[in-house]
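The values are calculated or read from the model by the stated rules, or taken from the named source; none is laboratory data. Predicted model only: the values in this text are computed from it and were never measured. We place every Cβ from the backbone using ideal geometry, glycine too, and count neighbours over all the protein chains shown. Surface accessibility is based on the protein's heavy atoms, side chains included, excluding ligands, DNA and RNA. Shrake-Rupley method; radii C 1.70, N 1.55, O 1.52, S 1.80 Å.
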Amino acid sequence: MDEKEWWPPVSARTRHYRDLLVWQKAMELARAVYRETEALPKTEMYGLQSQMRRAAVSVPSNIAEGHGRLNDGHFRQFLATSRGSLFELQTQMELASDLKLLDEVRIKALMEQCEEVARLMNGLLAALQSS
């Protein structure tokens, strides 16, 4: 079977999830969250640090899993889950900021990365919706 025969003809799709800019940016965000949460107090190891890392990892993971489903409906569903994890992460960062657990400059930089990922994700969702 020729590869073109099984690949869905969708303009918003790439051959590999790694080609998606939103996945690349989500991976950068996850790495940044891991680095920045090192600064959290050890008392947060099983609390906020763990929650933030889990949410950050969930963002690119769900993008990749949805892409692998080869179905636009499933892809949109996984993108929505990824978007939810992104908002969860933003909420956790806001809490870390309110509790003065992370430096404001660090939080601001992470929030900007979250906003960029959200914009890219919204664009991909719109492209999938119109296809």
Screening L70, L79 for residues that are crowded, with 19+ Cβ neighbours inside 10 Å and under 26 Å from R15 (Cβ atoms) leaves only L79
Matching residues in the stretch 95-115 (touching a residue at least 12 places away in the same chain (Cβ under 8 Å), in a helix (DSSP H, G or I) and either open to solvent by 60 Å² or more (accessible area, probe 1.4 Å) or on the phi > 0 side of the Ramachandran plot (or both)) number 2
Looking across the stretch 58-67 at residues that are under 16 Å from L128 (Cα atoms) and not β-branched (V, I, T), the single one that is most open to solvent (accessible area, probe 1.4 Å) is E65
(1) farther than 17 Å from M27 by Cα; (2) in contact with a helix residue (DSSP H, G or I) (Cβ under 9 Å, 6 or more places away or on another chain) all hold for G47 apart from (2)
With criteria (1) open to solvent by 40 Å² or more (accessible area, probe 1.4 Å); (2) more than 19 Å from M45 (Cα to Cα); (3) without any contact (Cβ under 8 Å) to a residue 40 or more places away in the chain, E88 comes up short on (2)
So for the stretch 2-12 (the condition being modelled with pLDDT of 95 or more, more than 20 Å from L124 (Cα to Cα) and part of a helix (DSSP H, G or I)), does at least one residue qualify?
no
Checked pairs for the stretch 33-54, first modelled with pLDDT under 95, second open to solvent by 80 Å² or more (accessible area, probe 1.4 Å) and assigned to a helix (DSSP H, G or I), C-beta under 9 Å and 6 or more apart or across chains, list as A39/R106
